[in-house]
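The values are calculated or read from the model by the stated rules, or taken from the named source; none is laboratory data. Predicted model, so just to flag it, every value in this text is computed and none were measured. All Cβ positions, glycine included, derive from the backbone under ideal geometry; neighbour counts span all protein chains shown. SASA here: full protein model, heavy atoms, side chains in, ligands and nucleic acids out. Shrake-Rupley method; radii C 1.70, N 1.55, O 1.52, S 1.80 Å.
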Amino acid sequence: MNWIPLTDADKERMLRVIGAGSVEELFSAIPEDLKHGQLNLPEGLDEPAVRGLAETYARGNRTDLISFVGGGYYDHYIPAAVDALTARGEFLTAYTPYQPECAQGTLQAIYEFQSAICRLTDMEVANASLYDGGTAVFEAVTMACRATGRNRVVLDHSLNPRWREMVHTHAANLSLNLNDGRDPQDAACVVVQNPAFRGTLWDYSALAEACHAAGALLVAVFNPISLAVVKTPGSMGADIAVGEGQPLGIPLGFGGPYLGLMASRKAFIRKMPGRIAGMTVDHDGRRGFVLTLQAREQHIRREKANSNICSNQALCALRALIYLSLAGPVGLRNVAERCRAGAEWLKKRISHVAPCVNDGPTFNEFTVRLPRNAEDVVADLIPRGYVAGIPLSLVGAGASDELLVAVTEKRTLDELEQFAAALEEACA
Amino acid sequence: MKLIFKKSVPGRGTTIFDPLSQAVQPLPDSLMRGDPPALPEVSELEVIRHFTGLSRRNFGVDSHFYPLGSCTMKYNPRIDELTASLPGFTGLHPHWATIPAARALCQGALAVIWELERFLAEIGGMKAGCLQPMAGAHGELAGVLMIAAYHRTRGNHGKKVMLVPDSAHGTNPASAAMAGFSVRTVPSAPNGEIDFDAFRAALDETVAGVMLTCPNTHGLFERQVAEIARLAHEQDALLYYDGANLNAILGKVRPGDLGFDVMHFNLHKTFSTPHGMGGPGSGAVAVGERLEAFLPGPRIIRGENGDFDLMTPEHSIGAIAPFFGSFLVGLRAWTYIRAHGRDGLPKVAEAAVLNANYVLARLKDHFHAPFGDRCMHECVLNATRQVAAGQVKALDIAKALLDRGFHAPTVYFPLTVPECLMIEPTETESRETLDAFCEAMIEIARLAEADPEALKQAPTSMPVGRLDEVKAARELNCSC
Amino acid sequence: MNPESLRYSDEYEWIGESNGVYVVGITDFAQEKLGDITYVELPAVGKKIARGEEAAIVESVKAASDVFAPVSGTVIEVNYALENDPGLINRDPFGRGWIFKLDGINQKEYEELMSYIAYRAFCQGES
């Protein structure tokens, strides 16, 4: 099937206007000997057939299992209104607001999104979003280098190992000096994460002071849901705050699309990558919104731009904004507290077979030590209907008997109890 | 419209999320947030009305013809939305694939990616594909990082320069710079194609690669492309294909057959995944033989028993996405390719090129057409005639179109064409829609002569008139 | 400053002597081409710069332009007034819209710059 409305009569008529004998003639700039014959692809399908095929593939996935897998991406409930609103064609099928007069919906939504992220993080300015949490960490690192004129970057062990790897991939040819640890001396920035990848909550206020004394910036990586209850990057003194926005109404979707969140102190806004919407007025004084500070961007600065990014995850940012609007401060706190309460309950319930090894309080996720290999325990629990967590040795963040367990507000007490019982048996 | 924050009333809010039923020990003060975040407290109906209201202040493909050049704003089939919302895909945690024992739980999704990457490789005439890059610019970065790694592995230490034509998208030089290359710009010839002699002069042993868009942003197929590839390869420089304009040649000619070593696909353009106001998209890449070992990892492979597994290529540049890229975007593209099939995809290019040429033919007597009377999937016109006559500028024409119910073409890009109007109608528009658009353009051209002041006031029917961008930049207000 | 007594680079910078130091700005032609200036990134005071080196950045809504040092020297003062009112460059490019001052300049490089008359001819060729 296809979605081409031209009839044979249309084509004939159009070719006459063009003055061409055939459609093929329009491709005459392409050397004949380089043109390709039939593609080696399957035959086309009509709508019922393609739907049926997709459903078959979907059934090849087992989303009926109860999962305690997190690692920066969490199985939170998505309110029905999020899907209903973001499916509207005026959002879904619009593009970048190049003509602001016919894109005020997009631009106001981005402005509101930026405001919501500032309010959530206690930071002064935010951009219109980046691709995901990992690229947001990378962009924060290069932003700190631009702001300080330094190229030493310090990545703390609390950082999600996937995002650490992404920083290394992206920075491979940038003459950055990437170090592990927390020493801010001569550094552009120190990057820390809260909660840490293994689940522990930290107060980085003292580190922020040490960074500032050394002329370095503190980049704080956050989980947006946690900020309903957990100390914010802004109140710790962070200069740049970045995070993965997936928990805010975005489906897990096997890896994306996700949402990179970025906020900073106002002093650094011109070093910030990505789009920024700003408020202004039209010639009659009516309030309106435009993309602003575009001189930082690639379509103007080309190779001197702050980043090559030329899009944002606008539809995902809209999902996050709608989620935050539906939840409000109270709903978001309810979600956060229920995540933490569930995690605390489970942590205690399984402590006799799988003691928690975090060296401080945790939020929605914690690390336990199992009596045997974590991969084996996870494998044994799959037939019983559970994916028990991430064996930390698989992501280079722990020993082979350590498991990272995440709990969201979707897990009922019954589910937690049954899972605990199954884990007890698997550990025995 | 009021900001959603201004609609907030303390204590209102929704009750979607119940409070905690039993108490939990509070966090230590040093770890706790102070005041709660000042998020809106509004009812669900107010949220629905607010965002429905915002949506009505937007043009989208669903509501308006959207001939934005270089953006391929074609119809986004609803079947693609349906497959991408199947719970068997949306609810799938990507870290399940990290855990060998749990890989069996996501075989359907791994199969989709594996198939899509093979489809893309076949369409591109390449050896292998990778869905990881999360946008076109991100695909460019992945591509030039692979080129850098290729030269590093071969000990080509002197190769530090990337050749980029002056008609290229700004992302090309920005991506090359992010991969540590210096950029050497190659000018365009008066006929709109790359200046071949200037290219030859710029190509020396320091050149690591050449980034080309083909057809280029003037809407023209680069007729010297195979020769450019041959000369580049003589210097062991690799050829990058910017897939922004792939819709023009889909199934007609393959970048790999033209000599390109690496390319990205804008799945949101060619394969019609929705643009979503600017994202999310996908910049999946494909590579030829020279770069297969450098692809981002891990990659998905199919074992002898038919099961899908993960493997990291020998010289992989590493992970450029946290997992497999924008999977749900890829799933839409997979649906689109499955629906069209091998015979359907070339028809897309044929209709796209026919539509663009039709628009060019109808408008070339009313606006200056700098590159002759033939184009590929988009046509470039400009308003130099109107500007020279002291009438109106390209911007005025763009704004006047909004009042007539059409989204504007891309204006002032490419930078090589002054007062540029770049029109890409796409294959999903009917002849009647194109006629209506052309008639509006012709009427605007006439009005530019008769009453230019009227056009300078446009738009007058939108929620706001022309906005003060200088004020926005000088008196920065980007959050409340 | 009087444009006729200044010297000019082919990147549209002007430079002129005032009380023993050399003042640098961008020309009227340059500000006209850029449009309303929205931001100026100033060099650090004390910075030594070589001729042709990027010294400052001038941004408008749709463009960003590097300001190159027309001659080598040391930055001894910058025009902080531009931080709050970048439009000064549009309104008074040869006066209150100056960007930075140089000391210890290379006289030979200075002599090589265009005179006002040569610069006028150069602009006519460009526009």
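For chain C, the relative contact order works out to 31 percent when only alpha carbon pairs closer than 8 Å and six or more residues apart are counted.
Legend: distances between Cα atoms for B:Lys6/B:Lys74; B:Lys159/B:Lys347; A:Lys410/B:Lys74; B:Lys74/B:Lys393; B:Lys2/B:Lys269; B:Lys160/C:Lys33; pairs beyond 29 Å are B:Lys6/B:Lys74; B:Lys159/B:Lys347; A:Lys410/B:Lys74; B:Lys2/B:Lys269; B:Lys160/C:Lys33. DSSP bridge analysis restricted to the protein assembly as shown gives an antiparallel fraction near 65%, rounded to the nearest 5.
Rounded to the nearest 500, the helix-only mean residue ellipticity at 222 nm of chain A stands at -11000 deg cm²/dmol, with each DSSP H run of n ≥ 4 adding -39,500 (n - 2.57).
The slack between C:Tyr116 and C:Arg91, meaning 0.36 nm per residue of separation minus the straight C-alpha distance, is 7.0 nm. Cys residues of chain B that find no other Cys beta carbon under 4.7 Å: B:Cys71, B:Cys106, B:Cys130, B:Cys214, B:Cys420, B:Cys438, B:Cys478, B:Cys480. Convex hull volume of the Cα atoms of segment B:140-187, normalised per residue: 58 Å³. Other residues within the sphere of radius under 11 Å centred on the Cβ of A:Gln294, judged by their own Cβ, net out at +1 (K and R +1, D and E -1). Computed from point charges on the beta carbon alone (+1 for Lys and Arg, -1 for Asp and Glu), the dipole magnitude for the protein assembly as shown about its Cα centre is near 1300 Debye. Between A:Val17 and A:Ser393, the FRET efficiency from the beta-carbon distance, with R0 = 56 Å, is close to 0.25.
Peptide B:61-74 is shielded by partner chain Cβ atoms: per residue, an average of 3 of them sit within 10 Å of its Cβ. Looking at segment C:3-126, the accessible area is 47 square angstrom per residue; that uses a 1.4 Å probe and ignores ligands, DNA and RNA. Eigen-decomposition of the gyration tensor built on the alpha-carbon atoms of chain B gives equivalent ellipsoid semi-axes of 37, 35, 22 angstrom, largest listed first. Once you sort the root eigenvalues of the Cα gyration tensor of segment B:163-268 as a ≥ b ≥ c, which label holds: rounded (a/c under 1.5), prolate (a/b larger than b/c) or oblate (the other case)? Because its axes are fairly even, with a/c under 1.5, segment B:163-268 counts as rounded. Work out the FRET efficiency for C:Cys123 and B:Asp343 from their Cβ-Cβ distance, taking R0 = 51 Å, and round it to the nearest 0.05. Step by step, r from the Cβ atoms, then E = 0.30.
Averaged over peptide B:355-361, the number of partner chain Cβ atoms lying within 10 Å of each residue's Cβ comes to 5. Taking every alpha-carbon pair under 8 Å whose residues sit at least 6 apart, segment A:199-306 reaches a relative contact order of 17 percent. Taking amide H as placed 1.01 Å from N in the peptide plane, C:Ser72 has its amide H under 5 Å from the amide H of C:Arg51, C:Asn106, each at least 5 places away in sequence or on another chain. Within the shell defined by Cβ-Cβ distances under 15 Å, the residues around B:Asp197 carry a net charge of -3, with Lys and Arg each +1 and Asp and Glu each -1. For chain A, what does the alpha-carbon gyration tensor say about shape, rounded, prolate or oblate, given a ≥ b ≥ c as the root eigenvalues, a/c under 1.5 as rounded, and a/b over b/c as prolate? Oblate.
Magnitude of the charge dipole for segment A:1-103, about its Cα centre and with charges confined to Cβ atoms of Lys, Arg (+1) and Asp, Glu (-1), is about 220 debye. Along the axis of the charge dipole computed for segment A:80-320 (Cβ charges of +1 for Lys and Arg, -1 for Asp and Glu, origin at the Cα centre), the listed residues A:Gly245, A:Val153, A:Ala87 are led at the positive end by A:Val153. Compared with the alpha-carbon gap, the fully stretched path from B:Asp204 to B:Gln22 is longer by 58.3 nm at 0.36 nm per residue. For segment A:343-363, the residues whose backbone nitrogen is under 11 Å from a point 7 Å from the Cα of A:Ala420, taken along Cα to Cβ, are A:343-353. A dipole drawn for segment C:3-126 from +1 and -1 charges on Cβ atoms has a positive end, and of C:Val78, C:Ser65, C:Leu42 the residue lying farthest that way is C:Val78. Other residues whose C-beta falls under 10 angstrom from the C-beta of B:Met146 contribute a net charge of -1, scoring Lys and Arg +1 and Asp and Glu -1. DSSP finds beta bridges in segment A:80-320, and of those with both partners inside it, around 45 percent are antiparallel.
Compared with the dominant principal axis of the Cα atoms in chain A, helix A:8-18 is inclined by about 70°. Model label sites at A:Gln38 and B:Ile301, defined 7 Å from Cα along the beta-carbon direction, differ in position by 3.2 nm.
Per residue, chain B exposes 31 Å² of solvent-accessible protein surface, assessed with a 1.4 angstrom probe and all protein chains in place. Compared with the alpha-carbon gap, the fully stretched path from A:Asp186 to A:Ala267 is longer by 27.1 nm at 0.36 nm per residue. When accessible surface is computed with a 1.4 Å probe, chains B and A are found to bury approximately 16600 Å² between them, both chains counted.
Placing pseudo-labels 7 Å out from each Cα toward the beta carbon at B:Glu475 and A:Arg287 gives an inter-label distance of 1.3 nm. Accessible-area loss of 50 Å² or more (1.4 Å probe, protein heavy atoms, chain alone versus all protein chains) is found in segment A:18-32 for A:Ile18, A:Leu26, A:Phe27, A:Ala29, A:Ile30. Running a GNM on chain A with Cα contacts under 10 Å, which residue among A:Leu174, A:Leu394, A:Leu416 ends up with the highest mean-square fluctuation? Most flexible of the set in this elastic network: A:Leu174.
Taking the charge dipole of the protein assembly as shown about its Cα centre, with +1 at Lys and Arg Cβ atoms and -1 at Asp and Glu Cβ atoms, the residue from B:Pro409, A:Val378, A:Leu53 reaching farthest to the positive side is A:Val378. Normalised by the number of residues in segment B:12-164, the mean separation of alpha-carbon contacts (under 8 Å, six or more apart) gives a relative contact order of 10 percent. Beta bridges assigned by DSSP with both partners in chain A are antiparallel in approximately 55 percent of cases.
Among C:Val61, C:Val21, C:Val75, the residue with the largest mean-square fluctuation in a Gaussian network model of chain C, with springs joining Cα atoms closer than 10 Å, is C:Val61. With the highest mean first, a sort of the peptides B:415-426, A:59-70, A:236-247 on other beta-carbon atoms found within 10 angstrom per residue produces A:236-247, B:415-426, A:59-70. Taking a straight line from the alpha carbon of C:Lys47, these aspartates and glutamates sit under 16 Å away, with near neighbours fewer than eight places off in the same chain left out: C:Glu77, C:Asp103.
The convex hull around the C-alpha trace of segment B:83-339, projected and averaged over every direction, spans 13.6 square nanometres. Take each residue in A:119-126, count the other chain C-beta atoms within 10 Å of its C-beta, and the mean is 3. Approximating the spin labels as points 7 Å out from Cα along Cα→Cβ, the B:Ala293-to-A:Asp64 distance works out to 4.6 nm. A convex hull fitted around the alpha carbon atoms of segment C:3-126 yields 92 Å³ per residue. Using the alpha-carbon positions of segment B:276-384, Rg (one decimal) and Dmax (whole number) come out as 20.5, 63 Å. With a Förster radius of 35 Å applied to the C-beta separation of B:Arg78 and B:Glu314, the computed FRET efficiency comes to 0.25. Taking a straight line from the alpha carbon of C:Lys48, these lysines sit under 22 Å away, with near neighbours fewer than eight places off in the same chain left out: A:Lys304, C:Lys101, C:Lys108.
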